[in-house]
Amino acid sequence: MRDFSKCSSCKLCEIACSLKHEGVVWPEASRIRIYELIPGLPVISTCVQCDDYPCVSSCPSQALSTGEHGQVLVDENKCTLCGTCVYACPGKIPRIVRGVQSVIICDLCDGEPECVRICGEMGYHALQLVNKPDGEIVKNYLVSPEDASLKLLAKATGEE
């Protein structure tokens, strides 16, 4: 779960994620991204594990599957970087990053997300691992960073 109001935009989640997956500090290759399109209003963007997994079903090379925690798994040997999963995702969450040999998407760190750990350790608690609710409610969390920024701005200015 993401709580935008608690995010400080420190981007330690991006650093922890890139260290875990790439072995180096490389925020661009992080499976979680923090966008600050409007100064002071950070937006957390990561996979919410849709019930119907459009990214998985759209993959023509069957490189994507789901794991025991509901996470999306990428078979790097099968991924052709065609981008079909990016366009199939309602939030355009999967990303193709130069220098990475397959699409990147959150794999929940096998049930122990580094981003959640570091955010909690730093006292922000903007990220929490929760049991996934049933039904379409999950897609309410799939909002583009641009749309989320506009909603946050409306809320901050009382125009909601």
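All of the numbers you see were taken from the coordinates with simple rules; none came from a lab. Note that the coordinates shown come from a computational prediction; the quantities given were computed from them, not determined experimentally. Positions of Cβ are generated from backbone atoms using ideal geometry, with glycine treated the same way; all protein chains shown enter the neighbour counts.
Computed about its Cα centre, the charge dipole of segment 4-145 is approximately 400 debye, with only Lys, Arg, Asp and Glu carrying charge at their Cβ.
Applying a DSSP loop filter and a limit of 16 other Cβ atoms within 10 Å to the trypsin sites (Lys or Arg not before Pro) in segment 76-106 leaves Lys78, Lys92, Arg98. Calculated FRET efficiency, Asn131 and Glu76, Cβ-Cβ r, R0 22 Å, to nearest 0.05? Given R0 = 22 Å and the Cβ-Cβ separation, E is 0.15. Total lysine pairs in the chain at Cα distances under 19 Å, for residues eight or more apart or on different chains: 6. Helical content of the chain, expressed as a calculated mean residue ellipticity at 222 nm, amounts to -7000 deg cm²/dmol (DSSP H runs of 4 or more residues, -39,500 (n - 2.57) each, divided by residue number, nearest 500).
Loop-only GluC sites (Glu not before Pro) in segment 1-77, please: DSSP not H, G, I, E or B, and at most 12 other Cβ atoms within 10 Å.
Taking segment 1-77 and a limit of 12 other Cβ atoms within 10 Å, the loop GluC sites (Glu not before Pro) found are Glu68, Glu76.
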